Structures are given as structure tokens and as C-alpha cells.
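A.B. asks: Dropping the structure in here first, questions after.
The values are calculated or read from the model by the stated rules, or taken from the named source; none is laboratory data. This one's a predicted model, so the numbers in the text were calculated from it and none came from an experiment. We place every Cβ from the backbone using ideal geometry, glycine too, and count neighbours over all the protein chains shown.
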Amino acid sequence: MSAKADSAPVALRWQRIRMIPNPWLRFGLLAVALAYFAWSVGALDINWHRVANGIPRAANMLTRMFPPDFGRWSLLFKGVLESVQMAFAASFFGMLLAIPLGICGAVNLVPRPVYLVARTLIILSRTFHEIIIAIFFVKIFGFGPLAGVLTLVVASTSFISKMLAEDIENMPPGQLEAIRATGAGFPKLLLYCVSPQVLPRYLGVSIYRLDANIRHSTVVGIVGAGGIGQVLAATFSRYDYDFSLAILITIVSLVFAGEFFSNWVRGHLR
């Protein structure tokens, strides 16, 4: 009888897993976060009178946007084509420049000084947003797609090279040691050991960056770096809101098309 009682199943009690088990510390941190949020909102010095005045202006702008005006399709097509050309050109040159920079940024392949220089370049190129880099190139080369292409080349090179360097560093060290033990030089090490390991990931990241460049090419144009974004900024400055809506719809369609293309290519690379 006692054996049956001992073998009876024990009722399980569910307990929530908490990141901070101590309730005093947990609620204390929550109170500090709420107090900081309240202080931040107050420190922003938001002019609620201007916010209230902006709501009718927003309603007026949205009313003037409909129906969208696609009548100037030639200007729209030219801007979209320029954005796509910028994205493809920047992705191509970014893929090429990222290879030596990514290899030099892998600590398990190159000497320490080379690694530090390459990593410094990658960090510096990733420090600034594309808009800031675009403003810099617009000031140097003037308005137009050249500034946009150079901006996206810098962004593409830094992103792809960082991913490439990390993939190389995550390789099993035994493979590198086995190839080096055969007496192979650095070029053969890259060809027979590094390339088979990182090439699929490199191509996938490059396709992802192409998709991102299509989106960013529409943004950098707002500061004068070419593309459909430059046309959009001009329409807003002229209060030409119906044409602005047509451009926004076209940008959304372009981003969707780029997303589908990116997924299709990455699916074939798997």
C-alpha cells in the first residue's frame, strides 16, 4: 500500500522564469526606468501647442495627396531607374572592396598590425549613418548620383567586410592548420580553405546588401545624392503632394520587388 502511495505522480507546479529573481531589485529597476522615461519626455521640451496645430496641417496634406498623380511618369521612371542603377553599382563595387578588407580584418589570417588597421577602417566606415556620408559627398562632388553611389559603396564595403571577417574568424582552426601544414602559401590557403567555407555566406550577405541599397538609394537622394529620393524632396518643397504620393507608392513597390528578388536569389544559393 505504501509502495503504491510512493509511486503516485507528484503534482507539478509551474513557475515563471524571471530574468531578475530578486523582486526588490526587479521592481526597483522598473521604477528607475519609468522615472527616467518621465524625465526624458519632460526634458525634450515638446511644444504641445505646435503639435496641436500640426494635426490639421497633416490632415490637409493627406487630403491633397489623393488621388496620386502618375501623369509625370517619365520623371518618375527616370528617378526609379537612377536609384536602381545606384544600388547595383554600389553593391558591385562594395562586394569587390569588401574582399581584401574582410580578409585583412580576420585575426586568424593576417598579422596583428594589419588586422588592427583593417578593423579600424571597418569601424570608422560604420560609425556614420548613410545620410551623414551622403551630405559629405554632396559637399565634395555636388548634387547627383555620384555622391549617392559613393555613399552606398562605403556602406556596402563596411557591412560586407565586417560579416566576411567574422565568418573567417569563426572557421574551425583545425582546417586552417591542416592547410598550412601542407606548406601551402597564403593564396592557396584562401582558395582551398577559406573560400569554400565563407563563399555561400558572402554571396548571401551581398544579396542582402543589394536589397538594403535599393532602400537606401531612395533615402540618400533626399539630401541631393540622386535617385528618386531627390525627386521626392523636390515635390515636398513645391507642395506637390499628389505627385509625392505617387513617388511613395512607387518606392514601396520598388522595395517589395527588391525583397522578392533578394529572397529568390538567396533561396537558390542555399
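A.B. asks: With within 24 Å of VAL84 (Cα to Cα), among the hydrophobic types (A, V, I, L, M, F, W, C) and assigned to a helix (DSSP H, G or I) as the only criterion, which of VAL219, VAL198 stands out?
C.D. replies: VAL219
A.B. asks: Looking at LEU248, LEU269, can you tell me which residue is more than 19 Å from ALA147 (Cβ to Cβ), modelled with pLDDT of 85 or more, surrounded by fewer than 20 Cβ atoms within 10 Å (Cβ to Cβ) and aliphatic (A, V, I, L, M)?
C.D. replies: Exactly one of LEU248, LEU269 is more than 19 Å from ALA147 (Cβ to Cβ), modelled with pLDDT of 85 or more, surrounded by fewer than 20 Cβ atoms within 10 Å (Cβ to Cβ) and aliphatic (A, V, I, L, M), namely LEU248.
A.B. asks: Let me ask something else about it. Confirm whether PHE261 is surrounded by fewer than 16 Cβ atoms within 10 Å (Cβ to Cβ) and either among the aliphatic types (A, V, I, L, M) or closer than 24 Å to TRP73 by Cβ (or both).
C.D. replies: yes
A.B. asks: Right, here's the next one. PHE88 - would you say it is assigned to a loop (DSSP other than H, G, I, E, B), at pLDDT 85 or above and of a type in the set (Phe, Trp, Tyr)?
C.D. replies: Criteria not met by PHE88.
A.B. asks: Please enumerate the residues belonging to region 123-139 that are under 15 Å from the mean Cα position of the chain (by Cα), surrounded by 15 or more Cβ atoms within 10 Å (Cβ to Cβ) and either closer than 18 Å to LEU97 by Cβ or among the polar types (S, T, N, Q) (or both).
C.D. replies: SER125, ARG126, PHE128, GLU130, ILE133, listed by residue number.
A.B. asks: For region 170-192, name all the residues that are touching a helix residue (DSSP H, G or I) at 6+ places or on another chain (Cβ under 8 Å) and in a loop (DSSP other than H, G, I, E, B).
C.D. replies: MET171, ALA184 - these are the residues of region 170-192 that are touching a helix residue (DSSP H, G or I) at 6+ places or on another chain (Cβ under 8 Å) and in a loop (DSSP other than H, G, I, E, B).
A.B. asks: Further question on the same structure: State whether one or more residues within region 178-190 are of a type in the set (S, T, N, Q) and under 19 Å from SER262 (Cα atoms).
C.D. replies: Checking region 178-190: not a single residue is of a type in the set (S, T, N, Q) and under 19 Å from SER262 (Cα atoms).
A.B. asks: Test of understanding: among LEU62, LEU97, which residue is farther than 17 Å from ALA257 by Cβ, aliphatic (A, V, I, L, M), at pLDDT 90 or above and out of contact with any Pro (no Cβ under 8 Å at 6 or more places or on another chain)?
C.D. replies: Step by step, each of LEU62, LEU97 is checked, and only LEU97 is farther than 17 Å from ALA257 by Cβ, aliphatic (A, V, I, L, M), at pLDDT 90 or above and out of contact with any Pro (no Cβ under 8 Å at 6 or more places or on another chain).
Here's the yes/no breakdown for (1) modelled with pLDDT of 90 or more; (2) crowded, with 16+ Cβ neighbours inside 10 Å:
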position	(1), (2)
ALA118	yes, yes
MET163	yes, yes
LEU176	no, yes
ARG180	no, no
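Condition check ((1) at pLDDT below 85; (2) closer than 19 Å to ILE99 by Cβ) across all residues:
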site	(1), (2)
PHE141	no, no
VAL153	no, yes
SER158	no, yes
MET171	yes, yes
LEU189	yes, yes
TYR192	yes, yes
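A.B. asks: Being surrounded by 11 or more Cβ atoms within 10 Å (Cβ to Cβ) and not in a helix (DSSP H, G or I) is the filter here; which residues of region 57-85 pass it?
C.D. replies: Within region 57-85, PRO68, ASP69, PHE70, GLY71, ARG72 qualify.
A.B. asks: Pairs under 9 Å by beta carbon, first residue touching a residue at least 60 places away in the same chain (Cβ under 8 Å) and closer than 12 Å to LEU75 by Cβ in region 224-235, partner among the polar types (S, T, N, Q) and not in a helix (DSSP H, G or I), six or more apart or different chains?
C.D. replies: Listed by first residue and then by second, the contacts come to nothing, as the list is empty.
A.B. asks: Could you give every pair whose Cβ atoms fall below 8 Å, whose first residue belongs to region 98-126 and is touching a residue at least 12 places away in the same chain (Cβ under 8 Å), and whose second residue is of a type in the set (Asp, Glu) and assigned to a helix (DSSP H, G or I), counting only separations of at least 6 or pairs across chains?
C.D. replies: ALA106/GLU169; VAL107/GLU169; ASN108/GLU169
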